[in-house]
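First comes the structure, then the notes that go with it.
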Amino acid sequence: MRKHPIAAIATPPGSGGVSIIRVSGQQLVGLAEALLAKPPTTRYAHHFFLNDAQGNRLDEALLIFFKGPASFTGEDVIELHCHGGAHLSQAILNRVLELGNDWGIKQAEAGEFSLRAYLNGKIDLVQAEAIADLINAQSDAAIKGAARSLRGQFSDSVNQLIEEITQLRILVESTLDFPEEEIEFLESSKANERLASILKKLQALVEKTQQGKILRDGIRLALVGPPNVGKSSLLNCLLGEERAIVTPVAGTTRDRIEESITLQGVPVHLVDTAGLRVSADVVEQIGIARTWDAIEDADTIIFMRDLSTTQSGEDGGLEEKVKARANKKAHIIEVFNKLDLVDSQKRQLGISTSEKNTIHISAKTGDGIDALKERILSLAGWQANLAAGVFTARDRHLSAIAEAKESLLKAQAHGLNGNHSLDLFAEELRLSQDALGQITGKLLPDELLGKIFSEFCIGK
Ligand code: GDP
């Protein structure tokens, strides 16, 4: 762990009422004193004037000093609340870096405050990730989910499973040296039943974690189809009711025009692929290439047709091309639009012949839109009945749980038949413990740790 103090602007770039500069280090009393021209009181909002090296006033600000370990990072922390100008915050950060030079202060790297909080045992890895999720949450449900993880609900479930596996492992390993009585002892202690119960709890955790991943990552949905079938109308129809709160965040890499909505709290990232056609225009070709990228990335593709004109699904082979390019795991929903234009007899027929992945809608009247929304969510695996109590989760968590499950199943397959299988049984228990330990970060290689925190922003 790097010992030098770190500093960064903790608020987003741009101008606003207040900007906060955060400093963390093992001994920051001296730096606080240099800023305030008097010793700091811990957790007290000091009003002071900050000058540059030449004595010119930069700002009138507040300084709060948190004495470690009672701080976010577990180290001494200084927060400077200054006026929120982009240039001003940078000038103040520069001044702090200048003053902190004697203490070896450096500009913080992405996620470094959270990394220090984690390394100092203030939060575990799931909680560190939950902070990022909370900041990036795109719906109220995602906020609640991240808050649950941050409070430790996800970590508690994982730790409880690790504890149960540990107890079982102790039991199995303690009998390894007693050849005669061991099996009887294990039988009477119901080792097999205990393993089965752990597996059951793990399965429940898998389901909850899958929901958490959907809540965090959302669904990438591409709208595809020939011109004039009503793609833009459907987009507007969905946006009109369910538009998510979207804020332009500088520094995020979004090169495609996307719109986001939330369905039952699940973020749905919509990409309108209206421009799919052959074009000689270079700029348009780039746009089309991106559209194909969107199709490749999509979790769900809505392939749209016009019910009032389409008999045989003539689309110049577009649907086949889309299917060929789509991710193997992507779900394709065939949507027939303009239901309002077909006569009522055909209309009834239309609805009753709705096949598994075919939905009839009218983007104009809103008919069938609710069914379409349900379909989008259910294909993604969202289970509304599990939504209460869901915490946000990531791929990383799901793979670790899957790994743990595999080991437990292997242990179950080995059974408890003699010393050799007891050895293997215990070893698989150990492997499952290790896998689960990666979730909260107990057993995570350093490079992976670095990778996780580097995805955070500077100042986080
Ligand atoms: P896109 O080219 O696929 O994006 O199609 P648009 O959304 O621009 O729609 C093409 C035309 O169809 C417009 O004139 C729309 O008003 C009309 N349209 C779209 N959806 C419906 C619908 O459900 N019913 C009717 N009657 N017209 C629709």
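The values are calculated or read from the model by the stated rules, or taken from the named source; none is laboratory data. Model, not experiment: these values are computed from the prediction. So basically every Cβ, Gly included, is an ideal-geometry build from the backbone, and we count neighbours across all protein chains shown. Surface areas here come from the heavy atoms of the whole protein model, side chains and all, with no ligands, DNA or RNA. Shrake-Rupley method; radii C 1.70, N 1.55, O 1.52, S 1.80 Å.
Taken together, SER432, SER421 contain a single residue that is open to solvent by less than 50 Å² (accessible area, probe 1.4 Å) and touching a residue at least 24 places away in the same chain (Cβ under 8 Å), which is SER432. Mind checking whether some residue in the stretch 409-416 is in contact (Cβ under 8 Å) with a residue 12 or more places away in the chain and in a loop (DSSP other than H, G, I, E, B)? Yes.
Filtered by the rule that a residue be open to solvent by 50 Å² or more (accessible area, probe 1.4 Å) and either farther than 22 Å from ARG148 by Cα or at pLDDT 90 or above (or both), the stretch 375-394 gives ARG375, SER378.
Quick one: is ARG22 closer than 19 Å to ALA108 by Cα, in a strand (DSSP E or B) and among the charged types (D, E, K, R)?
Values: closer than 19 Å to ALA108 by Cα: yes; in a strand (DSSP E or B): yes; among the charged types (D, E, K, R): yes.
Criteria met by ARG22.
Condition first: of a type in the set (A, V, I, L, M), within 16 Å of the ligand (Cβ to nearest atom) and either in contact with a Pro (Cβ under 9 Å, 6 or more places away or on another chain) or open to solvent by 10 Å² or more (accessible area, probe 1.4 Å) (or both). Now tell me which residues in the stretch 325-342 satisfy that. Spell out how you get there, then give the answer.
We begin by selecting, within the stretch 325-342, every residue of a type in the set (A, V, I, L, M); these are 326, 330, 332-333, 335, 339, 341-342.
Adding the requirement that they be within 16 Å of the ligand (Cβ to nearest atom) leaves 333, 335, 339, 341-342.
Listed by number, the residues that qualify are LEU341, VAL342.
Total residues in the stretch 153-176 satisfying the condition of being modelled with pLDDT under 90 and touching an Asp or Glu at 6+ places or on another chain (Cβ under 8 Å): the figure is 2.
The single condition from (1) open to solvent by 30 Å² or more (accessible area, probe 1.4 Å); (2) closer than 27 Å to ARG148 by Cβ that ILE401 fails is (1).
Which of the residues that make up the stretch 192-239 are basic (Lys, Arg) and either in contact with a helix residue (DSSP H, G or I) (Cβ under 9 Å, 6 or more places away or on another chain) or surrounded by fewer than 18 Cβ atoms within 10 Å (Cβ to Cβ) (or both)? Don't jump to the end; show me each part of the working.
Going through the stretch 192-239, the residues basic (Lys, Arg) turn out to be 194, 200-201, 208, 213, 216, 220, 231.
Within the stretch 192-239, ARG194, LYS200, LYS201, LYS208, LYS213, ARG216, ARG220 qualify.
One residue stands out among those in the stretch 1-16 that are modelled with pLDDT of 95 or more and outside any loop (DSSP other than H, G, I, E, B): the one that is surrounded by the most Cβ atoms within 10 Å (Cβ to Cβ), which is ALA7.
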